[in-house]
């Protein structure tokens, strides 16, 4: 790779893959899946197209790797927050906000849909499991404090699955589905807060 002065910088294979994925993620956030172009990433990093193909095979391989990269980063962030935060402090609104960050602001929903339309099939490897565990820990702690029985973990998993589905759809369609129901002027975050409150109830 080349540094800012144009000099070649030798990197390990893993460091090169990391740099390529980070550059691809920036393109995804800025322009969506169509903005993730091998030629652009190679130019930005001072690489050849062939170097990127060496690491990922082709553009589709890069896109799949980028989706896994985003998923791993999300899991690491949730686990990091769990390790320093108060379990009782997370609620469904906060969970919805984290999911919106993943699916909408980072462009992960559009990337996953792009891959699925190209024939890729998701494996369901448990990316949202840590978020369900964090939510459940908070729900169980609040139940104990109120003298109630702990809720079933499966309920927390289903809540996260439902929130994930809604935030995924919102990331793809914006507020179109709200307007289709005649909801004019309702912000997406307002709608998600309402969904979270209904689940809490």
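Computed from the coordinates by the stated procedures, all read-outs in this text should not be read as laboratory data. In this text, all values refer to a predicted model and were calculated from it rather than measured experimentally. Please note: Cβ atoms are built from the backbone with ideal geometry, for glycine as well, and neighbour counts cover all protein chains shown.
Values for this structure:
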| item | result |
| --- | --- |
| Difference of contour (0.36 nm per residue) and Cα-Cα distance, residue 101 to residue 143 | 12.3 nm |
| Centroid-to-centroid separation of region 155-179 and region 36-91 [C-alpha atoms, Å] | 22 Å |
| Among 63-71, 95-103, the order from most to least packed when residues are scored by Cβ within 10 Å on average | 95-103, 63-71 |
| The chain: C-alpha pair distances exceeding 25 Å, % | 47 percent |
| Where labels lie 7 Å past Cα in the beta-carbon direction, separation of residue 40 and residue 158 in nm | 4.2 nm |
| Contour minus Cα-Cα distance for residue 79 and residue 113 (0.36 nm per residue) | 9.7 nm |
| Candidates 107, 126, 182: whichever shows maximal mean-square fluctuation once the chain is modelled as a Gaussian network with Cα springs under 10 Å | 182 |
| Förster radius 25 Å - calculated FRET efficiency between residue 123 and residue 53 (Cβ-Cβ, nearest 0.05) | 0.60 |
| Gyration tensor (Cα) of region 126-186, equivalent ellipsoid semi-axes in angstrom | 31, 15, 8 |
| Choice from 158, 37, 123 showing the highest fluctuation, given a GNM over the chain with Cα pairs closer than 10 Å | 123 |
